[in-house]
Structures are given as C-alpha cells and as structure tokens.
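J.: Dropping a structure here in structure tokens format, bear with me for questions.
Every read-out reported here was derived from the displayed coordinates using simple, explicitly stated rules and does not represent laboratory data. A quick note: this is a predicted structure, and the numbers were derived from the prediction, not measured. Here the Cβ is made from the backbone with ideal geometry for all residues, glycine too, and neighbour counts use every protein chain on show.
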Amino acid sequence: MKDPDMTYTLANGIQIPAIGLGTWQTPDGEIAANAVKDAIEVGYRHIDTAQAYGNERSVGEGIRRSGIKREELFVTTKLTNDNHTYELMMSSFEQSLKDLGLDYVDLFLIHWPNPLNFRDRWQKANAEVWKAMEELYKDGKIRAVGVSNFKQHHLEALFDTAEIMPMVDQIRLCPGCTQDELVRFARKHGMILEAYSPLGTGKVFDSVEVHGIADKYGKSIAQVCLRWSLQMGFLPIPKSVNKERMAANKDVFDFELSDDDMEYLTGLHEIAGGAPNPDNMPF
C-alpha cells in the first residue's frame, strides 16, 4: 500500500478515507477548530466527532476555516446516549447539522448499543433510532449508517428490524486488541471495522520490542501501530491536536510490516488490555 489517498468501499458503494482524524477528548473551542483545520491542511479528508464529545460546533468551524469543498470531506458524528428514541434522534440530528454547519453528514453512528437509561429496553430503543436513521438516509441527510461499540448480540437484535444493514462498526482495535469473533461477524455482514484508540492505552510506547520494530522500519511506534491497523484491514481514527503528529500519522503508506512483526503486534494482549463491555458500562 503506497497510496495516502487510500479508501475503503462501504456496502452502499460510498468511498471512505482509510485514515480519519479522531476528535474524542479534543477540547471544544479553538483547540478543536484548529486541529480540524490543520488536519485538513496536511491531507486528512475524514473527520470523526460525536454529540457526546461536545465539540461538533468547533469541528464545523475548523471545516469552514479550511476552505475545502464540502464534497471533498467525509464527516462522521454519533448519537449520544440520552437520545435513544425516535423523536430525540431526529431532533438531536438536526442540532448536530446546525452545530456542524452542514447540510448532511457522510456517516452517522449509534454511539453505544445499550445506554444506562435504556438498559431495560435497549433493543426497542435501537430499533426506534435505526428507523429514524433509515429515514434520514433515504432523505439524503445521512450518506451511510452504522454503529459503534456494538457486539454480535447487539447487531443481531438490530438486524431483526433493520431495513438497511449497518455499514460500519466502530470499535476498539489496536495491537493486542483484535476482537476476532466480532470482526469476523461484522465482515460477514458487510461492515467496515473502524478502529478507535488505534494506538492503544499508550503502554505500547514503553515496549522495548515495539521500539525495536519501529527502529527497523525507520518509523515511530505510532506509525507502526497505524500500519498494523491498515494491514489488518481496519480503518484507524487516531486523535491528535499536533499538526506534525497528524502528518506523521498519515505517513504510513511507504512501508509494510512483515508477517512476523504483524503476528507479534497482534499478540500484545497484556499491553493492550481488552475492549470495553457496553453491557455493563455505567453510562
């Protein structure tokens, strides 16, 4: 792979850039706006935010400051946990468009499958939300629909009522955290796997062995992790507010990890830790 403009093809034929800028924990205001503007300047065309991040307005401001044509960008946002009804989905989506300053989003995701306030009726809540998303999709307000943090049983429940299948599952994927069964199931049903926290918890940066792998390729540990993600067929969404690091995070198309190095990185389970279990998260 030597194409910095590499894309994946979603189930409906839409192209999605293979690396996105994550904005989780990017503070609202000038920091977020400048981060998005800087990311676009160094070549990012895929920006990922969420209602829960509280920075949609600043993300939109960064897009406007960049001066880029809307059709050249792929913008994702996500439904926050308090809005898991048909009516709240519709109203909060309109607020997201207003905050972003956009007429449509390229991808909209249900952020969590079973928020605490809906835990006794999460299947019904997701079905309601998905119906609203399907309507917005048909109206052209959303170009692609998907989910985040959904496990297999959450997806199977959604399939019972969905007319349009989810095209993306955004989950925690990094060296040592591969969620193999879920990945196989999602791919069987035509989904692209987006990798949030693709650099893990940061412990990978303390590994002597991983430092050795990075040195072998003349790359940083972050670049090695992102390259691993791409070779796994995932779509990584690294977060940064530093323009130089953003550029470095996209500079991963001029080398390829060996099979042995891929296997070693995949096996870093003790370093990576597990993925969150949405069925018992306290929110």
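J.: Averaging sequence separations of C-alpha pairs under 8 Å and six or more residues apart, then dividing by the length of the chain, give the relative contact order as a whole percent. Before the final figure, lay out each step's value.
T.: Values: 516 pairs, mean separation 59.0, N = 283.
Relative contact order, the chain: 21 percent.
J.: Among Lys141/Lys188; Lys69/Lys131; Lys78/Lys243; Lys37/Lys219; Lys78/Lys141, which pairs are too far apart, with a Cα-Cα distance over 21 Å? Write down the numbers at each step before the final one.
T.: Details: Lys141/Lys188 27 Å; Lys69/Lys131 30 Å; Lys78/Lys243 25 Å; Lys37/Lys219 25 Å; Lys78/Lys141 14 Å.
Lys141/Lys188; Lys69/Lys131; Lys78/Lys243; Lys37/Lys219, as the Cα separations exceed 21 Å there.
J.: If I build a Gaussian network model for the chain, linking alpha-carbon pairs within less than 10 angstrom, which residue out of Arg184, Arg227, Arg245 has the largest mean-square fluctuation?
T.: Checking each option, the largest mean-square fluctuation is seen for Arg184.
J.: Still on this structure: Most fluctuating residue of Arg121, Arg45, Arg57 in a GNM of the chain with Cα springs under 10 Å: which is it?
T.: Among Arg121, Arg45, Arg57, the largest mean-square fluctuation in the Gaussian network model of the chain belongs to Arg121.
J.: Label the stretch 1-53 by shape, choosing from rounded, prolate and oblate, from the square roots a ≥ b ≥ c of the eigenvalues of the Cα gyration tensor; if a/c is under 1.5 it is rounded, and otherwise prolate applies when a/b is larger than b/c, oblate when it is not. List each step's numbers first, then the result.
T.: Numbers: a/c = 3.18, a/b = 1.61, b/c = 1.97.
Here the stretch 1-53 falls in the oblate category.
J.: I would also like to ask the following. Tally Lys/Arg at +1 and Asp/Glu at -1 over every other residue whose Cβ is under 12 Å from the Cβ of Gly140; what's the total?
T.: On the way: positive: Lys138, Lys141, Arg143; negative: Asp103, Asp106, Glu135, Asp139.
That works out to -1.
J.: For the stretch 47-59, take each phi angle, set θ = phi - 60°, evaluate the Karplus expression 6.51 cos²θ - 1.76 cosθ + 1.60, and give the result in whole Hz per residue in order, putting x for glycine and proline.
T.: Going residue by residue, I get 10, 10, 9, 6, 4, 5, 6, x, 10, 4, 5, 6, 4 Hz, with x marking Gly and Pro.
J.: Sequence neighbours fewer than 8 away in the same chain don't count; with that in mind, list the aspartates and glutamates whose C-alpha is under 18 Å from Lys151.
T.: Once the sequence-local aspartates and glutamates are set aside, what remains near Lys151 is Asp120, Asp160, Asp169, Asp180, Glu181, Glu194, Asp279.
J.: When a/c is below 1.5 the answer is rounded, else prolate if a/b is larger than b/c, else oblate, so apply that to the stretch 159-267 with a ≥ b ≥ c taken from the square roots of the Cα gyration tensor eigenvalues. Each step should come with its number before you reach the end.
T.: Working: a/c = 2.31, a/b = 1.76, b/c = 1.31.
The shape class here is prolate.
J.: Please state the shape class of the chain: rounded when a/c is under 1.5, otherwise prolate if a/b exceeds b/c and oblate if not, all from the C-alpha gyration tensor.
T.: Values: a/c = 1.76, a/b = 1.28, b/c = 1.37.
Oblate.
J.: Now for a different question. In terms of Cα to Cα distance under 14 Å, which aspartates and glutamates are near enough to Lys203, apart from those fewer than 8 places away along the same chain?
T.: Within the straight-line limit of under 14 Å, Lys203 reaches these aspartates and glutamates: Glu270.
J.: Pick from Lys250, Lys239, Lys98: which is most flexible by mean-square fluctuation in a GNM of the chain where alpha carbon atoms under 10 Å apart are linked?
T.: Lys98
J.: Let me ask you something else. Give the longest segment of the chain that steers clear of GluC sites (Glu not before Pro) in DSSP loops with at most 16 neighbouring Cβ atoms within 10 Å, not counting the sites themselves. The partial results should precede the final answer.
T.: On the way: sites that count: Glu163, Glu256.
Here the longest run is 1-162.
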